[in-house]
Amino acid sequence: MDGGGNSLPSVTGAAATKRRVCYFYDSEVGNYYYGQGHPMKPHRIRMTHALLERYGLLGGMRVLRPSPADDRILRRFHADDYVAFLRSANPEALSDPGALRRFNVCDDCPVFDRLYEFCQVYAGASVGAAKELNRGHADIAINWSGGLHHAKRCEASGFCYVNDIVLAILTLLEHHDRVLYVDIDIHHGDGVEEAFYTTDRVMTVSFHKFGDYFPGTGDIRDIGYGKGKYYALNVPLDDGIDDESYHYLFKPIMAKVMEVFRPDAVVLQCGADSLSGDRLGCFNLSVRGHGECVRYMRSFNVPLMLLGGGGYTIRNVARCWCYETGVALGVEVEDKVPDHEYIGYFAPDYNIHVATSNMENKNSRKSLDDIKVKLLEYLSKLQHVPGVQFQERPTDMDLEEVLFFSQCFQLAV
């Protein structure tokens, strides 16, 4: 695989440049529990942190404890009544079945103990990461507890309650004219795309499984609306995609996006359910192939936020996000996992890198070429965008436009 990023003259050799990295972590995050049998396990964040500690990676970063996001922050995107519901939700007193249905709080998104506190922690970390980038205190900001991309303005969805990504991007827009969102989770980044579907100040690019798969959105023909036309890109993929096929699309598409959109900041959602062997996934990416996406976006030397997301084989999630923290720091972590409290999860080989499967790659070269041609055609419509001069930072009207579209979209469906 090539080093990438060299389509922009200013980033030649940037992949070798040391970055100032900050990392958000709350020691309580591993204690939140969705319930018995639920595939989403916040414990994976604690496992990742333990690996970072034993590999000595924490010493290369500023480690910050997030300030919980208060109601005012959450209501920048989410509806008042939905935030009020989350604040009052208690598994011991579920007295309003109508509210549970209205806010889509059900089996996938259960009410569990300290749910609202959990939302405050992971959202506060993503907003805090955005503030660190805004202040110029870091080149890369990491929050592995974030990346919950399915949450909508008025409802929970796909294990996600509060959309920390939208809140982080709104914070970045206070200081940056253009923000790029890239999603490598196996599931379509629907909540983020929907929030910014009508604006040209945020471009969303999602690489995901498409076709009879949650959430069912993310068709290649969905490209944004109004001022946002061509600012939403969807890369629909089939089962079994491997590292080579993935980067056959990822690198040329992202190189062109960076060339024509020229973002001032990038948010990369690193959902690990696109890894081979994921409990809920059907892709065949290696940890190194997944991490190559991080390495490639890092090479452009643009302020970068790394977020978590999906990932349900938790030993592989920890492997992946530890490795990608090393990529952010410019450190190649040793393959042999050091002894630590969770070492038993990594038996029998105790390695960071594990073999991918022999599953069939249903993504033919022709289908990949067709996708690439179509998306590059969309991007050709934006050739002159970098020359547009923004006269001012975002106004309240800009942010209201985002909320208005999101509300109208949900009413329509």
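Of note:
- The sole residue among ALA79, ALA89, ALA69, ALA99 that is open to solvent by less than 60 Å² (accessible area, probe 1.4 Å), of a type in the set (A, V, I, L, M, F, W, C) and closer than 29 Å to VAL294 by Cβ is ALA69.
- From HIS175, HIS188, residue being more than 20 Å from GLU117 (Cβ to Cβ) and open to solvent by 10 Å² or more (accessible area, probe 1.4 Å): HIS175
- Residue match in region 247-265 (condition: surrounded by 23 or more Cβ atoms within 10 Å (Cβ to Cβ) and part of a strand (DSSP E or B)): yes
- None of TYR350, TYR378 is of a type outside the set (A, V, I, L, M, F, W, C) and closer than 30 Å to PHE159 by Cα except TYR350.
- Residue in region 30-39 that is closer than 28 Å to GLU332 by Cα and in contact with a Pro (Cβ under 9 Å, 6 or more places away or on another chain) present: yes
- The condition (being open to solvent by less than 10 Å² (accessible area, probe 1.4 Å) and touching a strand residue (DSSP E or B) at 6+ places or on another chain (Cβ under 9 Å)) is satisfied by just one residue among ALA123, ALA130: ALA130.
- Sole exception among (1) under 20 Å from ALA84 (Cα atoms); (2) modelled with pLDDT of 95 or more for GLU132, by number: (1)
- Condition met for LEU280 (at pLDDT 95 or above, surrounded by fewer than 24 Cβ atoms within 10 Å (Cβ to Cβ) and more than 23 Å from VAL121 (Cβ to Cβ)): yes
- Residues within region 214-243 that are in a loop (DSSP other than H, G, I, E, B) and over 24 Å from PHE261 (Cβ atoms), tallied: 8
- Qualifying residue in region 40-57 (condition: within 19 Å of TRP321 (Cα to Cα), in a loop (DSSP other than H, G, I, E, B), free of Cβ contacts under 8 Å to residues at least 24 places away in the same chain and open to solvent by less than 60 Å² (accessible area, probe 1.4 Å)): yes
Yes/no per residue for (1) closer than 30 Å to ASN163 by Cα; (2) in contact with a Ser or Thr (Cβ under 8 Å, 6 or more places away or on another chain); (3) surrounded by 15 or more Cβ atoms within 10 Å (Cβ to Cβ):
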site	(1), (2), (3)
CYS322	yes, yes, yes
GLU332	no, no, no
ASN363	no, yes, yes
ASP369	no, no, no
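- From GLY13, GLY59, residue being over 26 Å from GLY271 (Cβ atoms), modelled with pLDDT of 95 or more and over 21 Å from the mean Cα position of the chain (by Cα): GLY59
- Applying the criterion of being of a type outside the set (Gly, Ala, Ser) and surrounded by fewer than 24 Cβ atoms within 10 Å (Cβ to Cβ) to the residues of region 140-166, the residue that is farthest from ASP107 (Cα to Cα) is ARG153.
- Among the residues making up region 193-246, none is buried (at least 23 other Cβ atoms within 10 Å of the Cβ), at positive phi and over 18 Å from the mean Cα position of the chain (by Cα).
The values are calculated or read from the model by the stated rules, or taken from the named source; none is laboratory data. Everything quoted here is computed from the prediction, not taken from an experiment. Cβ sites come from the backbone with ideal geometry, for glycine too, and all protein chains shown count toward neighbours. For accessibility, only protein heavy atoms count, side chains too; no ligands or nucleic acids. Shrake-Rupley method; radii C 1.70, N 1.55, O 1.52, S 1.80 Å.
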